[in-house]
Each structure stands twice: as structure tokens, then as C-alpha cells.
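Here's the structure, in C-alpha cells; my notes come after.
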Amino acid sequence: MLNMSQINHIRDLKKKGLKISEIHEKTGVDPKTIKKYLEEDDFSPSVPVTDKKSSILDPFKDKISEYLEEDKLHWRKQRHTAKRIFDRLVAEEGYTGSYDTVQKYVKDIRSNEPGKASLELIWDPGCAQVDFGEADFYEDNVCIRRKFLTVSFPFSNDSFNQVFGGETAECVCQGLIDIFKYIGGVPRVLVFDNATGVGRRIGDTIHETELFSRFRAHYGCEVRFTSPYAGYEKGNVENKVGYNRRNLFVPVPRYHDIIEFNKELLDKHLIKASELHYKKKECIEDLFEQDKKALYLLPVHEFNACTYRQFKADGYGRICIDGKHFYSTRPQNRNQKVWVGLMAHYIDIFNTDGSVLVRHKRMYGEDRTDISDPSTTLEVLCKNPGAWKNSGVRRDADAVLRDYLDKLERAELKTNLKLMNDISKQYGYHSALEAMSQAIRNNRIARSDAVILAERMKRFGIDTPPESGPSLSVYDEAFLNNTPTKGCVSA
């Protein structure tokens, strides 16, 4: 590196008209170096930084940082000491230096760590924070742990919740869609952490899922991810998660249909909204009106929160999702690839023409599940009626239909199963079972009768009385009793 006197000498020679080759001959400085300093346009002084000497510990410093970062996730009494770090480096990484070097380095790192500080952040109207919590729910009398998505507005301190089976991108997007629709707009900013299923932090880079990237392009909101170990950056929603679990989900709620439960859950925000803001001493509901005024308009089209993927069916025509949840397609799909639509609450399995073959409830959790829809086996059952007595269709049939079909000979059974399959395609599987059962009760088990019953069930319900229509009493009086009505002339 040249000093400033040498640099100025080179630049002075250039001003006198000397070429780089001539300056090289005169000064002995490499031509590339001469060119570098001639092209330099900023010689402002910079902050001096002391060059660090190399150390035997240099190759192991990243590993030490890894140990110390891992410690932040654990109890303070169960963290690495300098001695424990030294022992691990020797045993696992092949370190041959002294303990004193390790001890001094660890001490320097810890002495330079900034103390934790809580910052009171300022939040403008229309900004929201997003996080997941978990709580127990009774689903059809079975107690099960579910995730709940909380969206809070720090300016007003209002919040909204939706319950899901997991923390997938489909769940996040569907929850946000339903909340946006309910509040009538889109937050300008959404703040997430790294555990919400919409993106993963790798180093300093956030890698969003494809579905969520499409979602935020669709709604046009800005998205921010909090820094690691900086919970205060979204402290409002973290507090809301705990508050909502204690106040909305105690005692343990019960539901049959999670979608209907979520619709009712949105109105629960009104309980807290009627209170005063803890600091501003204004009604939360009034403050939220300011939040709403800052929202973006909803887009014309609602986003389809669905991820489309191909899965290969096994020998039974089932696909496996998340390595543990099995869903039936149809036997003809065995060992074939099928397109599947993954949503928050359901999965759709498609035919080759893009129509939906079957919709299943989406399963979550660590335990294996097997979900089947006997309607997808009807076509195969028509060709192999001998399997009737061990089929899922027989299990779904009521006693009247089951006993009737059990007594039929093979040919007649095949005809009835084909009729059931035809009605199922047009009116739905359960309507087909119910229509055929009702036809048997009416002693009219024929194609026309079963089809008419299925049509009536689908449109009106079997127990719905017919419409009364217009009154015909005036005609009865005129023509049945030979009494003319007003305006009529008797013969």
C-alpha cells in the first residue's frame, strides 16, 4: 500500500502528461496500482480499524457462536461455560489450542453483548401483527389441541382470532382472508415472526412460501419479519395470544364445524373492543375506526388459499400427505399421480379433467390417520359386486338398504349398485343412499322413483311439504256447486 506522498507524486506526474508506463519506469510502482490510484475519486479519511492478528481459534469461532446462540433458547442455568466450550471443541472439532485462549475469547464476546432493552415502538393506524397460539378445543366431544391465528392492531389494541389444525401457509392465508373480509379492508403492514408458516429465515434472508408470496401480491400489503430473539417487535400480538387464550378459550370451547365456529369467533373481539385502551384511555372500538380508515380496499376477487401439488397414489389408490395422513382417491388411480388442492380445512382430489373427484377433511397432528370416501369405490364395486358385504358403502347404508341389497342375487345386486353409482354422480353419494332407501320403504325400487326422490332431496328435502300454490276455491264454488262467480254469466 502506498502512502499519500507516493500517491500524490504519481498523480502529479500524470498531470504533467506522463503515461502509466512512463510513471512505472520513473517510480517502479506496478502499473495496476498506478491505474488504481489515478482512478480513485475519494481520498476522505475513514475510521481506523485495528487489524486483528490471526489466532489458532479463528477456524472455531463460528462454532463457538453457534453454541452461544443455541444457549439463548435454553434455561440460563443450563448454558455453556468457557470450560464446556473448550471441552467440546477438543472432543468434537479437533481444537489443539489452550483453554486460556478460549476463555479469553468467550469473556470478550460476553462483555460486548448489549443488555436487553425494551423499546416502546410507535404503531400507526392500519398496521397489524400476526402470530399463532395454541389451545384445547372439544371437537365433536373429543378434546384436541388446535392452533389459533391472532391478528392484532397495536394502534387500537383490537384483535381477531381464527382456529386451525396447523400453522401451514394455507391456514395463515385463509385466516387473514376471513379477517380482512370481516373488518372490510387490508392492513397496510403485516408483521410476522419466523414461526408462522409463511416464511423461513435463513441467515438474514427471508424465504417466503409460494402461496404467501402470491397472497401478499394479491392484497398489496407490506410484510415485515421480526428480528431473531426480538419479541418486543411484535409484543402486542404476543400479549394478545395469551389474553385471548385465557379469556376466549376458557372454559374449553366446543364445536362441531370449525368453519362455523370461526365465523362466530370473529364477533368475540367486541368483548374487548368495548373497553378503554390501557394507555390512551379511549374506547378501543373508537380507536379501531381509525385503524379501519387506514386500511387498503379489498381486492375485487377473493384469493384462493390453495396449494396445488401432485402426489403418487399407492396400490390402494391412496395418497399420503405430511408423511402420516392418508386419503383415498379411487382404486383406478393406484400407482398413478393425481393433482391435489391443499387448503386450510380440506383437501380436494381432482380428476384428470380438473373436476373435483372427492373432498376430504384435512387432518393434522403427529398420529397417523386414514381418511376414505366410499363413494370413490362405487364404480369398482359395480364391476365386482362380490365385494359388497365388505365394502365401505355397505357400512354407510342404513339397515333398510343394507338388508335389501344383502338378499339380492349377483346380477340384480350389480344392477342396483350401478343405479346407486349413477345417482351418486348426479346428486351426491349420501343423497343416492337415502333415495334408494326411501324407494325401498315405498316398495318402488325403480330407477325413475329413486332419481325423483334424489332430486327432491337435493332441492327441497324429503320432509319438506309441497308449496300450497294459488287458492282454487273460487273455481270449486263456480264449477263444482254450479254457482256463478262475480262477473260470470250462467248458462
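The values are calculated or read from the model by the stated rules, or taken from the named source; none is laboratory data. If you're wondering where the values come from, they're calculated on a predicted model, not measured in any experiment. Positions of Cβ are backbone-derived with ideal geometry, glycine not excepted, and every protein chain shown enters the neighbour counts. Side chains are part of the model used for accessible areas, which takes the heavy atoms of the whole protein and leaves out ligands, DNA and RNA. Shrake-Rupley method; radii C 1.70, N 1.55, O 1.52, S 1.80 Å.
Listing for the model above:
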item: Selection within the range 306-321 - open to solvent by 50 Å² or more (accessible area, probe 1.4 Å) and either in a strand (DSSP E or B) or touching a residue at least 40 places away in the same chain (Cβ under 8 Å) (or both); result: Tyr308, Arg309, Gln310, Lys312, Arg318
item: Flag if Glu455 is in a helix (DSSP H, G or I), of a type in the set (Asp, Glu) and modelled with pLDDT of 75 or more; result: no
item: His301 being open to solvent by 20 Å² or more (accessible area, probe 1.4 Å), more than 17 Å from Leu190 (Cβ to Cβ) and in contact with a Ser or Thr (Cβ under 9 Å, 6 or more places away or on another chain); result: no
item: Extreme residue, modelled with the highest pLDDT, among residues of the range 195-251 that are open to solvent by 70 Å² or more (accessible area, probe 1.4 Å) and in a loop (DSSP other than H, G, I, E, B); result: Pro251
item: Subset of the range 323-346 that is of a type in the set (A, V, I, L, M, F, W, C) and open to solvent by less than 40 Å² (accessible area, probe 1.4 Å) - its residue that is farthest from Ala313 (Cα to Cα); result: Ala344
item: Criterion (over 25 Å from Phe326 (Cα atoms) and either crowded, with 17+ Cβ neighbours inside 10 Å or of a type in the set (A, V, I, L, M, F, W, C) (or both)) met by exactly one of Leu401, Leu381; result: Leu401
item: Pair list, Cβ under 6 Å, 6 or more apart: the range 347-374 residue under 13 Å from Tyr327 (Cβ atoms) and open to solvent by less than 40 Å² (accessible area, probe 1.4 Å), other residue among the charged types (D, E, K, R) and at pLDDT 90 or above; result: Ile347/Arg362
item: Which numbered condition Met4 fails, given (1) surrounded by 10 or more Cβ atoms within 10 Å (Cβ to Cβ); (2) modelled with pLDDT under 90; result: (1)
item: Complete set of residues in the range 269-283 that are surrounded by 15 or more Cβ atoms within 10 Å (Cβ to Cβ), assigned to a helix (DSSP H, G or I) and either at pLDDT below 90 or of a type in the set (Asp, Glu) (or both); result: Lys272, Ala273
item: Wholly within the range 1-42, helices (runs of 4 or more DSSP H) carrying at least 1 residues that are more than 60 Å from the chain's Cα centre (by Cα) and of a type in the set (Ser, Thr, Tyr); result: 4-15, 20-27
item: Qualifying residues in the range 384-397 (those that are of a type outside the set (Gly, Ala, Ser) and surrounded by 13 or more Cβ atoms within 10 Å (Cβ to Cβ)) - the one farthest from Asn442 (Cα to Cα); result: Asn384
item: Residue ranges of strands (runs of 3 or more DSSP E) in the range 322-423 with at least 3 members out of contact with any Lys or Arg (no Cβ under 9 Å at 6 or more places or on another chain); result: 356-361
item: Residue within the range 107-120 that is of a type in the set (Val, Ile, Thr), touching a helix residue (DSSP H, G or I) at 6+ places or on another chain (Cβ under 9 Å) and modelled with pLDDT of 90 or more present; result: no
item: Output for the range 284-298, where each listed residue is crowded, with 17+ Cβ neighbours inside 10 Å and touching a strand residue (DSSP E or B) at 6+ places or on another chain (Cβ under 7 Å); result: Ile284, Phe288, Asp291, Leu295
item: Residue in the range 145-166 that is surrounded by 22 or more Cβ atoms within 10 Å (Cβ to Cβ), under 15 Å from Lys240 (Cβ atoms), of a type in the set (D, E, K, R) and touching a residue at least 12 places away in the same chain (Cβ under 8 Å) present; result: yes
item: Residue pairs meeting the criteria (Cβ under 8 Å; at least 6 apart or on separate chains; first open to solvent by 30 Å² or more (accessible area, probe 1.4 Å), in the range 438-453; second at pLDDT below 75 and part of a loop (DSSP other than H, G, I, E, B)); result: Gln438/Ile462
item: Residues of the range 167-186 classified as touching a residue at least 40 places away in the same chain (Cβ under 8 Å), farther than 17 Å from Leu265 by Cβ and under 18 Å from the mean Cα position of the chain (by Cα), total; result: 5
item: Hits in the range 167-192 (condition: open to solvent by 20 Å² or more (accessible area, probe 1.4 Å) and part of a helix (DSSP H, G or I)); result: Gln174, Asp178, Lys181, Tyr182
item: Unique residue being in contact with a His (Cβ under 7 Å, 6 or more places away or on another chain), under 30 Å from Tyr243 (Cβ atoms) and modelled with pLDDT of 75 or more when the list is Asp124, Asp136, Asp131, Asp140; result: Asp140
item: Filtered residues of the range 407-429 (kept if open to solvent by 50 Å² or more (accessible area, probe 1.4 Å) and in contact with a helix residue (DSSP H, G or I) (Cβ under 8 Å, 6 or more places away or on another chain)); result: Arg410, Lys414, Lys418, Gln426
